[in-house]
Structures are given as C-alpha cells and as structure tokens.
1. Once the principal axes of the Cα atoms of segment 14-254 are found, what is the range along each, listed largest first in whole angstroms?
2. Hey, what number do you get for the chain at 222 nm if only DSSP H runs of n ≥ 4 count, each worth -39500 (n - 2.57), divided across all residues, to the nearest 500?
3. Could you state the angle between the C-alpha long axis of helix 309-319 and the longest principal axis of the C-alpha atoms of the chain, as a value from 0 to 90 degrees rounded to the nearest 10?
4. Go through 332-343, 130-141 and give me the packing order, highest mean Cβ count within 10 Å leading.
5. On C-alpha positions alone, give me the angle between the axis of helix 43-60 and the longest principal axis of the chain, in degrees, nearest 10.
6. Return one quarter of the surface area of the convex hull spanned by the alpha-carbon atoms of segment 19-121, equal to its mean projected area, in nm².
7. Enumerate the whole-percent occupancy of each 5 Å bin, from 0 to the last occupied one, for all C-alpha pair distances of segment 437-534.
8. Could you work out the pair-distance distribution P(r) of the chain from its alpha-carbon pairs, with 20 angstrom bin width and percents rounded to whole numbers?
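Derivation of every value follows stated rules applied to the coordinates shown; laboratory data play no part. Just so it is clear, the structure is predicted and the values come from calculations on it, not from any experiment. So basically every Cβ, Gly included, is an ideal-geometry build from the backbone, and we count neighbours across all protein chains shown.
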Ligand code: ADP
C-alpha cells in the first residue's frame, strides 16, 4: 500500500474551543444560571476558564483516561467541563440526574468516577447517596463562594474558587484521537444502564457530519439553544457544534418549561433548538395559551421519540417554524438520520413531500443503515416492509463500557439498534417501533408509534401511548392510553372514530383509557415499561 503524504493531525476536542476562542472569540454564550440570573460571556472567556479547569484537574491528580462525573444542567460551567475535562485527556461522565437513585449509584460506581461536579440543585440528592459512591474522592459544587451551601459531602470544593486559583496558561495536549473523551449511560429501560464511551475522533467526525446542510445546517449566523440536556447524548452534540461553527450558544439551565424557553428564545433571538417532543409540547402549549410568537426561531430538530405529525404542522402553520425530525440514540453520538429534503423530494406534490419529511429522516453520509426483515434478508426499499435496524459508523458504538453485554456487532460490524423500521426509495427511514414495544397481533405487527401519532392528532388529546395487552386469540391487542388537554373530556367513542378514519381496521385499539399523567423516562420519553406495569391487571373489554 502507498500511504498518503498528508499531515497526521489528531482530531482533538480541545481544538474546537481553541478555534472558537481565536476566530469567534467575541461571540456570546448565554446561560440561565442555577442561581437565577442570566450569565453571559464569550468563547474567549470559555476557553480561558476551561484551561483553568484543566489545571485544577492536574492539581487534583486526575490523570488521562480517568472519569470525572457531572450532575448538571445546561450552563456555561457544564460547557467548560466538556473542554476542561476531555481536553485534559480525562473522560467526562455526564450523569442523568433524573435516573432512579439506585441507577445513579450504579453508574457512578460502574464508571469509577474520581470526582463528581454537581449543580446546587443536586446537592441533597448526592448527599443522600454519597456513602455508597465508593470511587469518589471529592465533590465540586458548580457555583461561587456566595452561593456555596453548607454540605456534608466530603472534600466539597467550590467550582469558582477551585478554578479561580489556577492559571490559564494550560497548553492543550495532543494525544491519540481514539482516546476516550466522554461517557454517557443509556437510561436503561431494561436492565442496568449501559455506558457508551465516545472518543475524540468519533466526537469530531460526528460534529462535522451533524453541522452539514443536509443535517442541522449550522453557521456562525445561527444562535442555537440545546434544550436536550448535556447528559442526554451530549445535548445532541450542540456543545461541540457551537464552537465548531462559531454560532452564539444559549443554555437554558434548569428551566425547561414553555414560558422560560420562550423568554430565552425571544430575548436572545434563538434560531435553532433541539429537544425531545415532550419539551416542545410544553412550548407549544405556552405559545397557544398566551398568543406569544417566536419570530427568530427558524427550525427545531426534534427526536428521541417519534414526532407527531400534528406537532410538525402546528409549528409550521402557527409559528413559521420548520420541524426537522431526527432519529438517533446514545450509541450513535446521537445523530443517525435527519428529515431534510432533496431535489427529488422537492419535485413531489406538497402533501406527499410533507408525508416523507414527517419520517425519522434520511440516511446521512458516514452512517450506514441495514434493515433486516423477518426472513433474515434486507427489506425492500418500499417504505412499507418493516425489519430490525442495524447501524455502522465511525460515530456508532461497538460495545459498552467495561465490556457490559460483550461485543454487540454482527459479522459485518453493524450494531443492533433495537428499533424496527422501514426504508423508502428516497432513502428516508421510518421507525415503526422499538422492538420491545411493537404489538404482535395475529402474526402481524402493529406499530404503536403510528397509532400514537394519529391519536395525538385529535384536538383534545395531549399525550397518547399504545401498549400491547395479552389476548388469548390474537396474542396481543393494542390499548390506547390518553392524557387529555386541560379542560377537555372527549369520549372513548370520539377518539376511536378519529382513529377509525385513519388506520387499518385491525389496528384499531380494543379500548381507550384516560389517565391524568403519563409516566416519563429520565430522558423525557413515554415510559412504556411503567405503563405496562400500571396495566398489568387490566383486562380488555369482552374478555
Ligand atoms: P434511551 O434508550 O435512554 O431513551 P436514547 O435517547 O439513546 O436513550 O434512545 C434511543 C432510542 O430512542 C432509539 O433507539 C429509538 O427507539 C428512539 N428514538 C430516537 N429518536 C426517535 C424518533 N425520531 N422517532 C422514534 N423513535 C426515536
């Protein structure tokens, strides 16, 4: 083989902040702080402070490859950890504070975090479990001296004091780009959470792909706000994409309700944002109720669970916002597919074009999909036949931290997503279900996602979830669980009539039940496992 004669420059996460500080140094990062006030500074400030943090880690004795945990909202201090920790060569373990306490104990111990950095909001939570966190030597509270709480956490340090004592003359080291940079556990809807260990190389390649025009289409003219938390798939890479493109970054801190989000969007002129559908349901509800508008907001990428067609339409019709659906998972960094258009699609009649764009999205360069049907061969690209979806990419995981579950790859190096999907002739993928949620009725599959999507299109329905209920003849039949919008009380018959006009007859749920609140997972998705428990003793009508 003849090797090329190009420079072997490793892809390093710290190079992002270094670039932003040099060439977009004055651009702002605006955060809603946990303490309350809005905090503003620039990329140049962020780099200086990330270097101080790196020096503090050296002083604390944190060596490359060792894990540093965070329990924190999206703020500038958490952002600095993305660079200070990974840039130093250590591994940032972003802990999801909404996990069950037992799971937090499990993952901090499993990751062997040496230090845990936490927001004020999580001090009581961590105090309650600290005795069981066997690897943690000390805690750093992400605040200043004025807000430092009295705490029984051992070796508790104040973040501002810790980094305030350090010099900013740290030189970002260069090392093997395959070195681990951050660690994120999936929320473990089944079994213990499993750790996805990203590398500098995978993170940079993913970020380059994610900011392309065919994906998030970001530039220095944008002002972006990740509402998706930094502990959920690295806020979908926005903490890396922002310095890479030099755009303004807005961080919503602990407040993700509709009013707080709207306030920041308008105050800072946010053009692009990302979150799971439940967050945008809250924003839309707030906008609909108050009559307020979001003129600067151009597009939002929504994913993590299926985006209802009614949400896409509401954003477009009432607020002029384009919804781009995104499919991904912690294991894919998380970008997998995005529903952006192509010339072929633009040539279609508008209704057809919109129907394709309402799917989970188009395969992006750098990530290969393989959808295998029940007969063990790839499904035809007909947009109708479902199969199990596998992925292969330089930013998809090969297995889990500490070998949990062994290698997950098949003979061709593809990773099983646990999703069931179709692929159409334009290259757009549609998730029909998670393997474990699909409803098996009379030897055929019913897509719970499709039913939910139609059900939330009913004007009185706020949330809809469909689960399979055991049936003596059909194996399983769908049960529709509904949370109504405030002050609305539709009848079962009205909801079923709405569905009857829009789905195959044998897909029609056998019953509709109304509940007050839908159980959500730690990442804001409908918790089907909990719903199945709630309806464990439920009997379908007529049985
Ligand atoms: P968790 O498993 O902890 O919820 P992830 O966010 O990694 O964490 O979940 C990834 C899964 O979320 C995917 O495998 C898929 O089932 C689901 N998902 C993500 N985006 C979408 C989407 N746009 N539509 C439907 N399902 C989605």
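1. 47, 42, 35
2. Numbers: 17 runs with 160 residues, N = 543.
Helix-only estimate at 222 nm: -8500 deg cm²/dmol.
3. With rounding to tens, the tilt is 70 degrees.
4. On the way: 332-343: 22.0, 130-141: 17.4.
Going from most to least packed, we get 332-343, 130-141.
5. The two axes meet at around 70 degrees.
6. Working: hull surface 27.0 nm².
For the Cα atoms of segment 19-121, the hull's average projected area reads 6.8 nm².
7. Calculated P(r), rounded to whole percents: 2, 14, 26, 25, 19, 10, 3, 0.
8. For the chain, the pair-distance distribution reads 21, 55, 22, 1.
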